[in-house]
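Visitor: Pasting a structure here, questions to come.
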Amino acid sequence: MLAYLEEQLALAWPDLHIVGRAGNGIEALRLVDELAPDVVFLDIQMPGLNGLDLAARLADDARAPRVVFTTAHEAYALQAFEHAAFDYLLKPIRLERLQRTVERLKETLAAPAPAAPSADLLAGLLRQLGVASAPPAAPAPAAAAPLQWIRAAQGQETRLIAIDEVIYFQSNDKYTSVFVADGEHLIRTPMRQLREQLDAQQFWQIHRSVIVAARHVAGTRTDFRGRLLVTLKGRAEQLVVSRNYADLFRQM
């Protein structure tokens, strides 16, 4: 299917530059982080991490790529658009349909800022797929106060960690590691939810899997591989900055 999609894209978008190919969701996530593409074509069903879960993780990035789903399953359309899908192409992908997607992608990429699909466009796409659109969402509630305390399991006990103690957070499989001066603690709160609860002025996301406390940042350096690294005050470890977040440190 990957070869067929590339053949169709070569016809619909001759000047497209394909920067990477992934055989599973985990590999795709790594490539997106390293290569920062403008557009990602995703299958819904992939080993390791399915397309919907991958899109949900990509949505955490302020500079997330446009996601076009390519799948044989109509049933996932509504979920796909809930994950900010740019488009949803059913297999076998027809060249004419792909060309319409390509034209919209070109227009969006040429615009000053990324544009999400309009409500009318979303409703039209869902009608094409025979999927009933959901009713308009209720207004978002007012933002909660920033997180002040974290409860972390420590054996049979629970430790209460003040947010001021945290040096950085790092996603760790099903858990999130909380690094403080005296060690590491695990919590079950996913990175996306955690980020929404933190004060963005005090905690900076520097990678999809890392959020660092600004007051503990000593500076940055570039290693021999060209990666930007954050150095920490009084600590030996150095944290890799994703290309998507490098602008945070342009003036440092």
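Visitor: Give me the net charge of G25's neighbourhood, meaning all other residues with Cβ under 14 Å from the Cβ of G25; Lys, Arg count +1, Asp, Glu -1.
Guide: Working: positive: R21, R30, R57, R208; negative: E27, D33, D43, D53.
Computed value for this residue: 0.
Visitor: Could you list W13, W149 in order of exposure, starting from the residue whose Cβ has the fewest other Cβ atoms within 10 Å? Don't skip to the end; give the middle numbers.
Guide: On the way: W13 18, W149 10.
Least to most surrounded, the residues fall as W149, W13.
Visitor: Give me D87, D15 sorted ascending by neighbouring Cβ count inside 10 Å, so fewest comes first.
Guide: Listed from fewest to most nearby Cβ atoms, that is D15, D87.
Visitor: Calculate the spin-label point distance for Q99 paired with E6, positioning each point 7 Å from the Cα along the beta-carbon direction, and give it in nanometres.
Guide: Each label point is offset 7 Å from its Cα along the Cβ direction, giving 2.3 nm.
Visitor: Moving on. What spacing in nm lies between the two simple spin-label points modelled at R188 and R225, each 7 Å away from Cα in the Cβ direction?
Guide: Rounded to a tenth, the inter-label distance reads 3.3 nm.
Visitor: Within 10 Å of each residue's Cβ, count the other Cβ atoms and sort K233, K174 from fewest upward.
Guide: Numbers: K233 11, K174 8.
Ordered from fewest to most neighbouring Cβ atoms within 10 Å, K233, K174 come out as K174, K233.
Visitor: How large is ³J(HN,Hα), in whole Hz, for each residue of the range 196-206 in order, when computed from phi with the Karplus curve 6.51 cos²θ - 1.76 cosθ + 1.60 and θ = phi - 60°, using x for Gly and Pro?
Guide: 5, 9, 9, 6, 5, 6, 9, 10, 10, 7, 10
Visitor: Length gain on complete extension for the stretch Q45 to F249, per 0.36 nm per residue less the alpha carbon to alpha carbon distance?
Guide: Here the segment from Q45 to F249 would lengthen by 69.8 nm.
Visitor: A follow-up question, please. Assuming R0 = 30 Å, what is the FRET efficiency of W149 and H73, from their Cβ-Cβ distance, to the nearest 0.05?
Guide: Working: r = 43 Å, r/R0 = 1.42.
FRET efficiency, W149 to H73: 0.10.
Visitor: Between A200 and Q238, what length comes free when the chain is fully extended (0.36 nm per residue of separation minus the Cα-Cα distance, one decimal in nm)? Display every interim value, and only then the final one.
Guide: Numbers: separation 38, 0.36 × 38 = 13.68 nm, distance 2.08 nm.
Full extension from A200 to Q238 adds 11.6 nm.
Visitor: Another question about this same structure. Mind checking the full-extension length gain between T158 and L35? Use 0.36 nm per residue of separation minus the Cα-Cα distance, one decimal, nm. Show your work: numbers first, answer last.
Guide: Numbers: separation 123, 0.36 × 123 = 44.28 nm, distance 3.98 nm.
Difference between extended and current length: 40.3 nm.
Each reported figure results from applying straightforward, stated rules to the coordinates on display, with no laboratory input. Worth saying up front: this structure is predicted, and the values here are computed from it rather than measured. Backbone-built Cβ (ideal geometry, glycine too); neighbour counts: all protein chains shown.
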